[in-house]
Amino acid sequence: MTVEHAAELISRSRRTVALTGAGISAESGIPTFRGEGGLWTKYDPVKVASIETFLANPTAYWEVAKERGSVALAAKPNPGHQALAAMEQAGRLEAVVTQNTDGLHQAAGSRRVIELHGSGRTVECLDCGRREPRADVQARLDREMPPRCGNCGRTRLKPTVVFFGESMPVEAVQEAFRLANESDVILVVGSSLVVYPAAEIPLEAVRGGAAMIVVNAEPTPFDRLAAVVIHGRAGKILPEIAALTGA
Ligand code: NAD
Ligand code: ZN
């Protein structure tokens, strides 16, 4: 059985690192970008969440974020996030590297979380640099569009996520590659593995001799490189794997 094989690899490993994508949060009610029901069937994020479009028209961004941001802020971790937190607690998992910006790994209790694309829980004023919780901005969107900075009064408030056209946080990327390089098992969950450089991370691990485990709802371009491929829901599969490792 593949679940057992995955658990055995993790139990025997010295350093397992997880890489997660939007798929792990799908069961928390946050839509993925790609795949069935994905956001890209509704909006074009390259337009909506690109830094150029945002700077030209913050209102257009916040109109979309009004709906989407509230969903993400209200979301709760699911058994997939919880299983990874339990594995870390049990000494079975070194760290979670995530492409997600929803903060659900931390909410589930994961301690070492590397956010490659920043966090959607905080908003920063591009003019004066003041930061405030996303929830506060989100709460005033009904009467204030685009939202205004409470400090300088200007209207370039941007979530601390990496937009299209922006570079990724250097330290997080370096740490992710270091972790991948030092890992002997890389557990990839809910990522379509088509966004680079995030997709480079499991390749780096495999080049360094790590065994790759893929848990995803549908096939990925890296399935053929994996030691174990499990097509299914993260919220079902990860708790099964975690339980078998004794976490
Ligand atoms: P993606 O949307 O490109 O791919 C998600 C993958 O998850 C798909 O292959 C899909 O088949 C799979 N999937 C869907 N439901 C699943 C489930 N229940 N269990 C297991 N797999 C499931 O996501 P991506 O590869 O992470 O890249 C998209 C980018 O969008 C990321 O860089 C991320 O920053 C951003 N994003 C983040 C969030 C979030 O924070 N929750 C949500 C959407 C997009
Ligand atoms: Zn300001």
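The values are calculated or read from the model by the stated rules, or taken from the named source; none is laboratory data. Being a predicted model, the structure only gives us computed values, none of them experimental. Glycine gets a Cβ as well: all are built from the backbone with ideal geometry, and neighbour counts include every protein chain shown. Heavy atoms of the whole protein, side chains included, go into the accessibility calculation; ligands, DNA and RNA do not. Shrake-Rupley method; radii C 1.70, N 1.55, O 1.52, S 1.80 Å.
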Output for region 163-218, where each listed residue is in contact with a Gly (Cβ under 9 Å, 6 or more places away or on another chain), modelled with pLDDT under 95 and among the β-branched types (Val, Ile, Thr): Val195
Region 67-89 residues that are under 30 Å from Met145 (Cβ atoms), paired with ones that are open to solvent by less than 70 Å² (accessible area, probe 1.4 Å) and of a type in the set (Lys, Arg) (beta carbon under 9 Å, 6 or more apart): Gly69/Arg134; Ala72/Arg134; Leu73/Arg134
Filter result for the condition that a residue is touching a residue at least 12 places away in the same chain (Cβ under 8 Å) and outside any loop (DSSP other than H, G, I, E, B), over Pro219, Pro202: Pro202
Region 131-165: number of residues that are within 16 Å of ligand 1 (Cβ to nearest atom) and outside any helix (DSSP H, G or I): 8
Complete set of residues in region 74-105 that are within 21 Å of Pro31 (Cβ to Cβ) and out of contact with any strand residue (DSSP E or B) (no Cβ under 8 Å at 6 or more places or on another chain): Ala74, Ala75, Lys76, Pro77, Asn78, Pro79, His81, Gln82, Leu104
Residue in region 32-41 that is at pLDDT 85 or above, assigned to a loop (DSSP other than H, G, I, E, B) and open to solvent by 20 Å² or more (accessible area, probe 1.4 Å) present: yes
Odd one out for Ala74 among (1) open to solvent by 40 Å² or more (accessible area, probe 1.4 Å); (2) of a type in the set (Gly, Ala, Ser); (3) away from ligand 1 (no atom under 13 Å from the Cβ): (3)
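Looking only at region 140-164, filter to residues that are aliphatic (A, V, I, L, M) and under 28 Å from Pro79 (Cα atoms); which one of those is most open to solvent (accessible area, probe 1.4 Å)? Even if it seems obvious, please write down each step before you answer.
We begin by selecting, within region 140-164, every residue aliphatic (A, V, I, L, M); these are 141, 145, 157, 161-162.
Narrowing further to those that are under 28 Å from Pro79 (Cα atoms): 161-162.
Values: Val161: 23, Val162: 39 Å².
For region 140-164, the residue satisfying everything is Val162.
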Selected residue [away from ligand 1 (no atom under 16 Å from the Cβ) and surrounded by fewer than 16 Cβ atoms within 10 Å (Cβ to Cβ)] from Glu182, Glu204, Glu218: Glu182
Failed criterion for Leu84 (all others in (1) open to solvent by 30 Å² or more (accessible area, probe 1.4 Å); (2) assigned by TED's automatic domain parsing to the domain that holds Ser192 hold): (1)
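Please indicate, with yes or no, whether at least one residue in region 91-108 is within 16 Å of ligand 1 (Cβ to nearest atom), outside any strand (DSSP E or B) and among the β-branched types (Val, Ile, Thr).
Taking region 91-108 as the starting set, the residues that turn out to be within 16 Å of ligand 1 (Cβ to nearest atom) are 96-108.
From what is left, the residues that are outside any strand (DSSP E or B) are 99-108.
Filter once more, keeping what is among the β-branched types (Val, Ile, Thr): 101.
Scanning region 91-108 turns up at least one residue that is within 16 Å of ligand 1 (Cβ to nearest atom), outside any strand (DSSP E or B) and among the β-branched types (Val, Ile, Thr).
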Unmet requirement for Gly209, which otherwise passes all of (1) out of contact with any Asp or Glu (no Cβ under 9 Å at 6 or more places or on another chain); (2) on the phi > 0 side of the Ramachandran plot; (3) in the same structural domain as Thr2 (by TED's automatic domain parsing): (1)
Region 9-22 residues that are crowded, with 23+ Cβ neighbours inside 10 Å, paired with ones that are aromatic (Phe, Trp, Tyr) and part of a strand (DSSP E or B) (beta carbon under 9 Å, 6 or more apart): none
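For the condition under 24 Å from Gly21 (Cβ atoms) and within 16 Å of ligand 2 (Cβ to nearest atom), what is the one hit in Val161, Val123, Val185, Val194? If you could, list the steps in order and put the result at the bottom.
Values: Val161 fails: within 16 Å of ligand 2 (Cβ to nearest atom); Val185 fails: within 16 Å of ligand 2 (Cβ to nearest atom); Val194 fails: within 16 Å of ligand 2 (Cβ to nearest atom).
That would be Val123, the only listed residue that is under 24 Å from Gly21 (Cβ atoms) and within 16 Å of ligand 2 (Cβ to nearest atom).
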Flag if Ala172 is away from ligand 2 (no atom under 16 Å from the Cβ), farther than 26 Å from Asp44 by Cα and of a type in the set (A, V, I, L, M, F, W, C): yes
